[in-house]
Structures are given as structure tokens and as C-alpha cells.
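A short worksheet on the structure shown next.
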Amino acid sequence: MGKRTEQAKPLDAGARLAPRRDFPIFENWPDLIYLDNAATTHKPAAVLSRLDEFYRLTYANVHRGVYRLAEEATAAYEEARRQVAAFIGCEDTGELIFTRGTTEGINLAAGSLDSLVQDGDEILVTALEHHSNLIPWQQLCRRRSLRLRVCPVTPAGELDLAALERMLTPRTRVAAFAMVSNALGTVVPAVKVIAAARQAGAVTVVDAAQAVPCLPVAVGDLGCDFLVFSGHKMLGPMGIGVLYGRREILEKLPPYMTGGEMISRVGWDGAQWAELPQKFEAGTPNAAGAVGLAAAVRYLEEIGMDRIRAHETELGRRARELLGRIPGVRVLGCPAACCGIVSFVVPGIHPHDLAQFLARENIAVRAGRLCAQPLLRTLGVEAVTRVSFYVYNDLAEVEKMAEAVEKGIRFFKAKK
Ligand SMILES: Cc1ncc(COP(=O)(O)O)c(C=O)c1O
């Protein structure tokens, strides 16, 4: 991991926290400025070699065989669970369920919570939601005749906390919200939101897909009932994610999927569920993914989540500042607390055209609806260009991106 720890001083704000040489993909794409980290992040060699090692040295199905190889595979999987649980401050590994990712985690929560709701109950989400934390709740509302309420955002892109207080009522059964917006980078005051929701008697579900990669998250401090995230957005493999759930509530809920390995006893007439966490992990799990995610967690811990948060904030702030100075650019939202995600529009230039122009300049960004179509419509736009940063980005890349945006605007204006 080379010089990463030597760069720990606060003075070098904006320098890479992780050297590009740690990431084999950049050997193949040496000139690429990768600014699509909110979609997915690249993998350090430490994660790739851990995956390779698992398949080469300790691969077998887990929680089944009694031979030594199977026992070692199971031990590696359970050790990964312990490390990932510790990373989010979860002391009881029974509360840490491996999933395919955030989307599956939210579907699991919404599917299982079906058993706790009654007709006429309300579910509260916020206007910041990614489709993954909206559609599963819409579906639950349809199935059970519930009312979905949406807490608005201010023009700055912050949650309207006064409205939230008003909208939380004794009818609110579930409050589900993104801790960090994938479109505006807003860092939502999660502790406040959870405390208010709990006071109203609601079950709290935190979509931490963009939060766990960039800030220190401790479920005990948050006091949430559920928290979900994806490995691939935090240097880990695709196809692995986490649902943290409070034991007390997980024990009350029925399993989301049924089948092998989630039972303790089966007869022709029925079955008894296994203890946590197996009750929610039906079928063969992605054990290699879990082991790879634990390697990603170790890599991030070595850098330090406080430093990652400061780095992202710094790059995001600079991107907002530089983009905001370009005539014709509208940066969406200006939340007081935000991380390294910035979306913008240039009236008269389609975000896809601008993204294609940036691609020719070797800069990878996202353009489109960002799986947040209702939010974008609320903000009066159909699509945006988004830049998002991570540990291997630096201020020089932010500056190159802003210069390229300016050049792109000149290019498209000249064509008109
Ligand atoms: C806030 C948020 N929630 C949910 C998701 C869905 O994550 P996944 O596709 O890994 O399931 C994303 C992905 O971009 C996201 O940013």
C-alpha cells in the first residue's frame, strides 16, 4: 500500500489517500480520470488477491461439509462477517446478514416488514431517495393499502426537518431514508431523523449505500433498526452487501426467502427457522464476496474513515466551487453537510452529450437520471451530469474535470 500512510497529514488535503498503483485497473487505463465512484468503485490488489486466495486455497461450500477444507471456508466466511460487523459498530454477528447488495437488503426489509404493518399505516421516505429505497416501499403500500409519504427537501437539497417532524405520526410504521444522497451528496442528519422516527414509534431503515463508503458509521450510535449497504461501492466485490438488523426485530420477522440452510428442522408439513443470521441467508451465500468485502474493509480502515470523509468533503467542495464559477452551469443543491458527489446541468447541452465529451477527454462521469427520477423532477430537471470521488482521486483531477467541462461548453456552443 506504499506511501498511503505517509500522506496522513492534514496539510495535504486533496492529495490521493490511496495510490493509483494499488488499483490494477489503472495499469490498463493509465490516463483515465475515474469520477463515477457513486456508481461503483475500483478494487485494490489487496481485495483481488484475497478473492483469488479464497478460491485457490480455501474454497468449499460453507456451513455444510465436515471435512477440513469446508471448515476453513466456513471459518473464513464467518471471520469476514465478524470484521464487517465490527466496521459498522455491530457487536452481535447474528445481526449482520450478507445480501447481494443494498437493493436486496431493502427488499428484504420491505418484504419481511409486511408482517408488521396494518392497513392504514403509513411509510415515510424522503425526496432524496434512490429508486431502490422507493419502489420496494411503493410495492408494500400497494400490497397492504398503506400510505406512502415523502418528506420534502429544501432548495439547498437538505431534508426539511420541520416537515419531517410534522409527517411523523403514530400511524408511521416505517421511516426509510438515504443517509447520503446519491444525486446531491447531501449528508442527512441521521441521528436526528432516527430519534424522531423512533419517538413516533416507527421502524427505521437506513439506506447507507453512499454513506458507509465515505463516513464512519456506527449502528449503535445511530440507533437504527436496519441499515443496508453494498460492497462494490466501497472497494469490495460486486454481488455482496449487508443488511444490519436489530436482533429484537429480526427475531420477530419471517424470513424473506426460504430454502436450504435457513432452517433448523424440516418435515413434509413445515419447517422451523434457523437462528440468526442464517434465518435470512437462504441458499449458498456469496462467501467469496464476503471475504473480499472484509479485505476492502481492512483497506479502508487502514486509511481511516475520518480521513476519507474529510477527503471526499474537500474534493466535493472544490468541484462545487469550480463548476459553480463556469457561466451557464447550474450545480444542484448546496447542502451544508455533503460529501464527494456533485450533480450539475448546463441548459442547452444534454448531460449525455457532455458526458460523452468528457469521455473523449478520458474523464469518466455519470449522466442521466441517477435512479432518482422523482428527485430530479422535483428539482426541475430531467437528467444531470454527476461527478463522484473516492480515495484514489485528487484535487488535480477535480480541476481537470472542471476545465474539461468548460471546454465542452465552448465546443457545444460553437456548434450552435
Ligand atoms: C443511495 C443508494 N441506494 C441504493 C443503491 C442501490 O445499490 P445497489 O445497486 O448496489 O443495490 C444505490 C446505488 O447507486 C444508491 O446510491
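The values are calculated or read from the model by the stated rules, or taken from the named source; none is laboratory data. Here the structure is a predicted model, which means the values were calculated and not measured. Cβ coordinates were reconstructed from backbone atoms using ideal geometry, including for glycine residues, and neighbour counts include every protein chain displayed.
For the range 113-132, taking the residues that are under 16 Å from ARG149 (Cα atoms) and among the hydrophobic types (A, V, I, L, M, F, W, C), the one that is surrounded by the fewest Cβ atoms within 10 Å (Cβ to Cβ) is identified as VAL117.
Can you tell me which residue within the range 257-274, out of those that are in contact with an Asp or Glu (Cβ under 9 Å, 6 or more places away or on another chain) and either within 26 Å of PHE54 (Cβ to Cβ) or surrounded by 14 or more Cβ atoms within 10 Å (Cβ to Cβ) (or both), is modelled with the lowest pLDDT? Don't jump to the end; show me each part of the working.
First pass over the range 257-274, keeping only residues in contact with an Asp or Glu (Cβ under 9 Å, 6 or more places away or on another chain): 257, 261-262, 264, 274.
Now restrict to residues that are either within 26 Å of PHE54 (Cβ to Cβ) or surrounded by 14 or more Cβ atoms within 10 Å (Cβ to Cβ) (or both): 257, 261-262, 274.
Numbers: MET257: 95, GLU261: 90, MET262: 95, ALA274: 96.
Top of the filtered list is GLU261.
Does the range 36-52 contain any residue that is more than 16 Å from the ligand (Cβ to nearest atom), over 20 Å from the mean Cα position of the chain (by Cα) and either at pLDDT below 95 or β-branched (Val, Ile, Thr) (or both)? Checked against the condition, which is being more than 16 Å from the ligand (Cβ to nearest atom), over 20 Å from the mean Cα position of the chain (by Cα) and either at pLDDT below 95 or β-branched (Val, Ile, Thr) (or both), the range 36-52 yields no hits at all.
Scan the strands (runs of 3 or more DSSP E) fully inside the range 194-274 and keep the ones with 1 or more residues being of a type in the set (Ser, Thr, Tyr).
Because the criterion is at least 1 residues that are of a type in the set (Ser, Thr, Tyr), the strands (runs of 3 or more DSSP E) in the range 194-274 that meet it are 203-207, 226-230, 241-245, 263-267.
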